[in-house]
Amino acid sequence: MESPSEPPRPPLPPFTADSAAQKARGAEDAWNSRDPVRVAAAYTLDSRWRNRSEFFSGREAIAGFLERKWAREQDYRLIKEVWAFHGSRVAVRFAYEWHDADGAWFRSHGNEQWQFAEDGRMARREASINDVAITEADRLFRWPLGARPADHPGLTELGL
């Protein structure tokens, strides 16, 4: 659902290789901010989500989910990479590293399917994610919290 009072969020569909990569990097940067309200604003008011085994819809539910997620997944750092795109849809693969309250580190690997509304907001997100325990020494995402630096390798360059 588009909201007439909100400006569009370019790039807009239909996507090209460049605009799909720009959309993925914008999403990555927003998620690395760990700001639930900022991230939720990129979704339609009635956006539908599947994240692991959770199903929900709407920006309030998205923001609440993200608050809980980042309270549990501490020092979160994420990299996304476009896998495929067509029209208003983009598929990405991703990995993120985080630790729990006990200091145990994990790398979570996953795939997302995105469908966008005409205004460039995501109307549907489906994510499948697997967690792998890693040691602190195995971490690969060591930039300061926030957006990944432009010169930091992506998933392919890291061999992930």
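The values are calculated or read from the model by the stated rules, or taken from the named source; none is laboratory data. This is a predicted model, so every value here is computed, not measured. Neighbour counts run over all protein chains shown; Cβ positions are idealised from the backbone, glycine included. Remember, those area values only see protein heavy atoms, side chains included, never the ligands or the DNA or RNA. Shrake-Rupley method; radii C 1.70, N 1.55, O 1.52, S 1.80 Å.
Suppose the filter is in contact with a helix residue (DSSP H, G or I) (Cβ under 7 Å, 6 or more places away or on another chain) and not β-branched (Val, Ile, Thr); does Arg93 pass it? If you could, list the steps in order and put the result at the bottom.
Numbers: in contact with a helix residue (DSSP H, G or I) (Cβ under 7 Å, 6 or more places away or on another chain): yes; not β-branched (Val, Ile, Thr): yes.
Criteria met by Arg93.
Among the residues of segment 99-122, those that are open to solvent by 20 Å² or more (accessible area, probe 1.4 Å) and within 19 Å of Glu28 (Cβ to Cβ) comprise Phe106, Arg107, His109, Asn111, Gln113, Gln115.
Somewhere in segment 133-151, is a residue part of a helix (DSSP H, G or I) and either in contact with a Leu (Cβ under 7 Å, 6 or more places away or on another chain) or touching a residue at least 12 places away in the same chain (Cβ under 8 Å) (or both)? Yes, because at least one residue in segment 133-151 is part of a helix (DSSP H, G or I) and either in contact with a Leu (Cβ under 7 Å, 6 or more places away or on another chain) or touching a residue at least 12 places away in the same chain (Cβ under 8 Å) (or both).
Taking (1) surrounded by 17 or more Cβ atoms within 10 Å (Cβ to Cβ); (2) touching a strand residue (DSSP E or B) at 6+ places or on another chain (Cβ under 8 Å) in turn, Ser128 satisfies each apart from (1).
Residues checked against (1) over 30 Å from Pro7 (Cα atoms); (2) in contact with a Leu (Cβ under 6 Å, 6 or more places away or on another chain); (3) among the hydrophobic types (A, V, I, L, M, F, W, C):
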site: Glu54; (1), (2), (3): no, no, no
site: Arg68; (1), (2), (3): no, no, no
site: Arg72; (1), (2), (3): yes, no, no
site: Val82; (1), (2), (3): no, no, yes
site: Arg93; (1), (2), (3): no, no, no
site: Trp114; (1), (2), (3): no, no, yes
site: Asn130; (1), (2), (3): yes, no, no
site: Leu158; (1), (2), (3): yes, yes, yes
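Glu67 meets the conditions (1) part of a helix (DSSP H, G or I); (2) open to solvent by less than 40 Å² (accessible area, probe 1.4 Å) in every case but one. The failed one is (2).
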